[in-house]
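Laboratory data are not the source of any read-out in this text; all were calculated from the coordinates shown. Source: prediction; values computed, not measured. All Cβ positions, even for glycine, are placed from backbone atoms using ideal geometry, and neighbour counts span all protein chains on display.
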Ligand SMILES: *Cc1c(COP(=O)(O)O)cnc(C)c1O
């Protein structure tokens, strides 16, 4: 060994000496002996390797305490990191869809801390049903006879099909054989549920007589699927749920509808595009309607099925229901969210999804101008910062064509190099609370529709 190497090795501290250092006493307090010693062994090994391979000590060897603290903090960060969603998509599936109302958050915390009457009836100390409280609320809100809650809407569709039409034909329009994303395609789900798909009509046009002609002795269901994530325009025709429900009643075949998002309130009252309402389908006589908990409803991930009591009973007693049932946290959040709908006047304030969707373009633009002024000093050398009109999306396949006028801060590299945009986006993703924007048309766009805590954001960006 060279004398150089030997002298580098001799500079490596011994673990027990480090542990007596005051910087390490507080680390031991917080993280415990086992974890700190494991880390120090690993750091020593890294330092020895650096000496072996490049005859240098890593820079951090000047301050072992600081490096160890940084590594412990980094390793303790959970995988679900909070981020700031400035993508312009309000219900962003990859970022966890709906933000929960404070009432839902409190209900979940309580259900986590304390035993709860999940399947327990206080009246007689007997066994209760976990969907009971929610079913009562959902009946009140939708006019349905009964309800069933599962893990998500994909599960709801699977359960509806498996429990009511296994081994039978399900009649669906060719224009509604949609893929919702990933592996969820209606024909595949049909097969998994043991149903035989009976396609009718054409991609752009399906008529009531197509359904009528398809019905035979082995028909189990007539099904409608809301084409949430695409739209067909031009020479089109589809049979609406009311007509189909009437046909189903005439022929004695249940009609089910997968609404995807749906909305329990008429969104047009807020100037938003109208989305089909489950209560309208129930009133029209549809037997079962399913929709998501974390799309426009603004609650937790869940699949909600409302409809006729006899059919809901079949879903509740099917073995798949046990596999797909929702847990107490989901049920707590969903109940608290649905309760907000009993006070519709306050909904646009209390339900974060709606609060963000109804934000006015002018208000967002004013926010953008305030922030432009605050951020200019920091970024103007490299980027031109502008306030630009833009269009937000609702997201999660809801209302795919409709866009909401909004405002963005845009960052354009002064030297026109696209690599600067990637670098800036990466820098923001590395912030303590990562900021997610969108690169488009030679700029980095921050759509401010979903930015409610402007001051905390600015503080972080200017740090
Ligand atoms: C979103 C959607 C689903 C899936 O719902 P999840 O709650 O995400 O499982 C199913 N069908 C339609 C029409 C949808 O839009």
Span from the the stretch 1-71 Cα centroid across to the the stretch 188-218 one, whole angstrom: 68 Å
0 to 90° range, to nearest 10: angle between helix 64-76 axis and the chain longest Cα axis: 10 degrees
Euclidean distance of C-alpha centroids, the stretch 230-248 and the stretch 145-174, integer Å: 19 Å
DSSP-defined antiparallel bridges as percent of all bridges, the stretch 61-203, nearest 5: 45 percent
Reference-scaled alpha-carbon Rg (2.2 N^0.38 Å with N residues) for the stretch 102-346: 1.02
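Taking the highest mean first, how do the peptides 93-101, 446-454, 378-386, 336-344 order by number of other beta carbon atoms within 10 angstrom per residue? Can you show the working numbers first?
Numbers: 93-101: 18.9, 446-454: 21.2, 378-386: 14.1, 336-344: 17.3.
Top of the packing list down: 446-454, 93-101, 336-344, 378-386.
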Cα centroid separation - the stretch 267-320 against the stretch 394-463, whole Å: 34 Å
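Using Cα pairs under 8 angstrom and six or more residues apart, how large is the relative contact order of the chain, in percent?
Values: 781 pairs, mean separation 87.8, N = 463.
Reported relative contact order: 19 percent.
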The chain - Debye-derived log10 I(q)/I(0), Cα point model, q = 0.06, 0.14 Å⁻¹: -0.40, -1.25
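Would you mind calculating the relative contact order of the stretch 339-463 from Cα pairs under 8 angstrom and at least 6 residues apart, reporting the percent as a whole number?
Numbers: 159 pairs, mean separation 28.9, N = 125.
Relative contact order, the stretch 339-463: 23 percent.
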Burial ranking of peptide ranges 131-138, 192-199, 426-433, 41-48 (average Cβ count within 10 Å, highest at the top): 131-138, 192-199, 41-48, 426-433
Residue 73-residue 361 pseudo-label distance in nm [points 7 Å out on the Cα-to-Cβ vector]: 4.3 nm
Estimated Rh, the stretch 139-187: Kirkwood, alpha-carbon pairs, angstrom: 12.9 Å
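Return the percentage of antiparallel bridges among DSSP beta bridges fully within the chain, rounded to the nearest 5 %.
On the way: 33 of 53 bridges.
Roughly 60 percent of the beta bridges in the chain run antiparallel, per DSSP.
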Isotropically averaged projected area of the stretch 239-285, using the convex hull of Cα atoms (one quarter of hull area), nm²: 3.5 nm²
Tilt relative to the chain, helix 328-340 - C-alpha long axis, 0 to 90 degrees, to 10: 70 degrees
Bins of 10 Å from zero: percent of alpha-carbon pairs in the stretch 394-463: 17, 44, 32, 7
Degrees, to the nearest 10: 132-142 long Cα axis against longest axis of the chain: 60 degrees
Kirkwood-Stokes translational diffusion coefficient of the stretch 3-76, alpha-carbon pairs, 37 °C, 0.692 mPa s, µm²/s: 257 µm²/s
Peptide ranges 361-369, 62-70, 303-311 listed from the most packed, as the mean C-beta count within 10 angstrom indicates: 303-311, 361-369, 62-70
